[in-house]
Each structure stands twice: as C-alpha cells, then as structure tokens.
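Reading through the structure tokens given below for one structure.
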C-alpha cells in the first residue's frame, strides 16, 4: 500500500508541472495589485481561463486603475473583455466597482471581507 501511495504521489508531482495556474492566481503572484485581481476575478466568472487571461491583458492595456477605468465607455470595456461570458454585464460591473472604489475607498480595494462584499457584483 505504501509503495502505491508513493507511486501516485510521484505521478502527481510530474503531472502538476503541466498544469497552468489559474489566471487570477497568476495575476496575484506577478502583479500583487488588488484592483487587477478583483477585476480579473469579475471577468473570470463563467469564463475559461485562457479567455480571462487575454481579456484581462487587453483591458489593462487600456486601463489598470479605477481612475483610468471610469474614463472608458462601457462599449470599450466590452470590446476589451469579449468573448468573456456576459461581457456586457461585466463591463458595467467593472465600471460600477471602479466608481465605488474611488468614491468610498480612496481607489483602494478593501482588505476587509465585509467591506469588499458591499461592492455591487462582488460575492463570496
């Protein structure tokens, strides 16, 4: 039995290297930018990781802060994040979250779960 477990663990270690990290995890490790993590998480809902990765990249070329994001038209955000699922709704959510962050949190993503959940479109 021990030999079988050791063999399984070795197989898992080898195959693990072939898996890609989820894009939101990747962004959290590379950028350490709570705003980009939050926005990518919104984009990722019901969307494949590869689509989220490219959509996030396109969007952040246009705007990577709440102040820059609110200067964009909803249609511009939609085009940047398409073909993410529900891209029209997500574009509005991204704008609303950006406005709320500016208005209520000095453009910073709250680090308190209760405050974070007050943002429309953010859930557990």
Of the candidates 74, 83, 66, the one satisfying the condition of being over 13 Å from the mean Cα position of the chain (by Cα), at pLDDT 95 or above and over 19 Å from residue 119 (Cβ atoms) is 83
Tell me whether the range 53-62 contains one or more residues that are assigned to a helix (DSSP H, G or I), closer than 14 Å to residue 121 by Cβ and touching a helix residue (DSSP H, G or I) at 6+ places or on another chain (Cβ under 7 Å). no
Being in a loop (DSSP other than H, G, I, E, B), farther than 13 Å from residue 35 by Cβ and in contact with a helix residue (DSSP H, G or I) (Cβ under 7 Å, 6 or more places away or on another chain) is the filter here, so list the residues in the range 67-109 that pass it. 72, 83, 84
With the structure loaded, tell me whether residue 75 is in contact (Cβ under 8 Å) with a residue 24 or more places away in the chain and either surrounded by fewer than 15 Cβ atoms within 10 Å (Cβ to Cβ) or touching a strand residue (DSSP E or B) at 6+ places or on another chain (Cβ under 7 Å) (or both) or whether it fails that test. no
Return only the number of the condition from (1) over 24 Å from residue 20 (Cα atoms); (2) modelled with pLDDT of 95 or more that residue 120 does not satisfy. (2)
Could you list, ordered by first residue, the pairs with Cβ atoms under 7 Å in which the first is in the range 89-116 and on the phi > 0 side of the Ramachandran plot and in contact (Cβ under 8 Å) with a residue 24 or more places away in the chain and the second is buried (at least 16 other Cβ atoms within 10 Å of the Cβ) and part of a helix (DSSP H, G or I), at least 6 apart or interchain? 107/66; 107/101
Determine if the range 49-57 includes at least one residue that is without any contact (Cβ under 8 Å) to a residue 60 or more places away in the chain and over 14 Å from the mean Cα position of the chain (by Cα). no
Matching residues in the range 36-49 (assigned to a helix (DSSP H, G or I) and at pLDDT 95 or above) number 9
Would you check if residue 31 is within 30 Å of residue 107 (Cβ to Cβ) and at pLDDT below 90? yes
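The values are calculated or read from the model by the stated rules, or taken from the named source; none is laboratory data. Remember, it's a predicted structure, so these values are computed and weren't measured experimentally. Every residue, glycine as well, gets a Cβ built from its backbone with ideal geometry; the counts of neighbours run over all protein chains shown.
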